[in-house]
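Engineer: Pasting a structure below so you can have a look.
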Amino acid sequence: MYFDDTLPILQVRVGKMRTGFDQAEVPSSRTVRLIGNVEVEAVDDAGCHPVRSAFILYRHRRQRDVEILAGHRDDVWRTTPDGWQLARREIRFAANVLPTASLSLFY
């Protein structure tokens, strides 16, 4: 597992971003994200909407560094009085070993 984030971990991550001292790329990578094969399943008993999709992420950095990541994403969305809320996300990469030094593109 590359990520197994709980709510407290996500709160710490958001807190770091708000300080302005979070990790950043300078200059930023050029990225292209393609999302396809989106399948929305019927609402389950808990009122959640399971959604599955496939993705390809292309990243180009420092003139020569090119990374291509592909895989599937399983999300569970639910409606709340405040609107849509992401209840769960699981990302499965197609590769067993990721050809990247950073997964910052996913958060």
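Computed from the coordinates by the stated procedures, all read-outs in this text should not be read as laboratory data. Note that this is a predicted model, so its numbers are computed, not measured. Note that each Cβ is placed from the backbone with ideal geometry, even for glycine, and that neighbours are counted across all protein chains shown.
Engineer: On alpha-carbon atoms, Rg over Rh for the range 24-81 using Kirkwood Rh? All intermediate terms of the calculation are to be shown ahead of the outcome.
Structural biologist: On the way: Rg = 16.3 Å, Rh = 13.7 Å.
Rg divided by Rh gives 1.19.
Engineer: Something else now. Pull out the extension gain between Arg73 and Glu41, defined as 0.36 nm times the separation in residues minus the alpha carbon to alpha carbon distance; nm, one decimal. Don't skip to the answer; put the middle values down first.
Structural biologist: Details: separation 32, 0.36 × 32 = 11.52 nm, distance 1.37 nm.
That works out to 10.2 nm of additional length.
Engineer: Another question about this same structure. Net charge within 10 Å of Asp5 by Cβ-Cβ distance, Lys/Arg positive one each and Asp/Glu negative one each, not counting Asp5 itself?
Structural biologist: Details: positive: Arg13, Arg89; negative: Asp4.
Value of the local net charge: +1.
Engineer: According to a simple spin-label model (label point 7 Å from Cα along Cα-to-Cβ), what is the distance in nm between Asp4 and Asp65?
Structural biologist: 2.8 nm
Engineer: Turning to a different aspect of this structure: If you take the charge dipole of the range 37-107 about its Cα centre, with +1 on Lys and Arg Cβ and -1 on Asp and Glu Cβ, which of Leu98, Cys48, Thr80 is farthest toward its positive end?
Structural biologist: Leu98
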